[in-house]
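The values are calculated or read from the model by the stated rules, or taken from the named source; none is laboratory data. The structure displayed is predicted, hence computed values, not measured ones. Every residue, glycine among them, receives a Cβ derived from its backbone with ideal geometry; neighbour counts consider all protein chains shown.
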Amino acid sequence: MNANRMREIRAALRTTQFDLRIKTGFSQSMISYWERGLLTPSDEQKARLASALGVRVSELFPRAK
C-alpha cells in the first residue's frame, strides 16, 4: 500500500482528516495511521474511504508491482 496516496488524494480534494472522519465514521487517529502506513485498512474500509473521496479503490490503493 502506498500510504501517501490517500494523503495526496485527500489534499488534492482539499479534504481534511476531520472531513474524512465525518464522511466515513472512522476515527481521525485511524485515518492518520493509514496515511502514515502504520496500519492497513481492510477491504471494506478501503471501499468506504474510496467512496468518501469519490475515487476507485484501485486509485486510492494501487497494487504494488
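Scanning the stretch 8-27 for residues that are polar (S, T, N, Q) and out of contact with any helix residue (DSSP H, G or I) (no Cβ under 8 Å at 6 or more places or on another chain) returns no hits. Take the conditions (1) surrounded by 14 or more Cβ atoms within 10 Å (Cβ to Cβ); (2) in contact with a helix residue (DSSP H, G or I) (Cβ under 7 Å, 6 or more places away or on another chain); Met30 misses just one of them, which is (2). Within the stretch 1-36, the residues that satisfy the criterion of being touching a residue at least 24 places away in the same chain (Cβ under 8 Å), farther than 12 Å from Phe61 by Cα and not in a helix (DSSP H, G or I) are Leu13, Thr15, Arg36. A search for C-beta distances below 7 Å between a residue of the stretch 38-65 that is of a type in the set (D, E, K, R) and any residue that is surrounded by 14 or more Cβ atoms within 10 Å (Cβ to Cβ), counting only pairs 6+ apart in sequence or on different chains, returns Lys46/Val57; Lys46/Leu60; Lys46/Phe61; Arg48/Thr24; Arg56/Ala50. Among the residues in the stretch 44-56, are any loosely packed, with under 14 Cβ neighbours inside 10 Å, part of a helix (DSSP H, G or I) and not hydrophobic (A, V, I, L, M, F, W, C)? There is at least one residue in the stretch 44-56 that is loosely packed, with under 14 Cβ neighbours inside 10 Å, part of a helix (DSSP H, G or I) and not hydrophobic (A, V, I, L, M, F, W, C). Does the stretch 57-65 contain any residue that is among the aliphatic types (A, V, I, L, M), assigned to a helix (DSSP H, G or I) and at pLDDT 95 or above? Within the stretch 57-65 (the criterion being among the aliphatic types (A, V, I, L, M), assigned to a helix (DSSP H, G or I) and at pLDDT 95 or above), the answer is no, since none of the residues qualifies.
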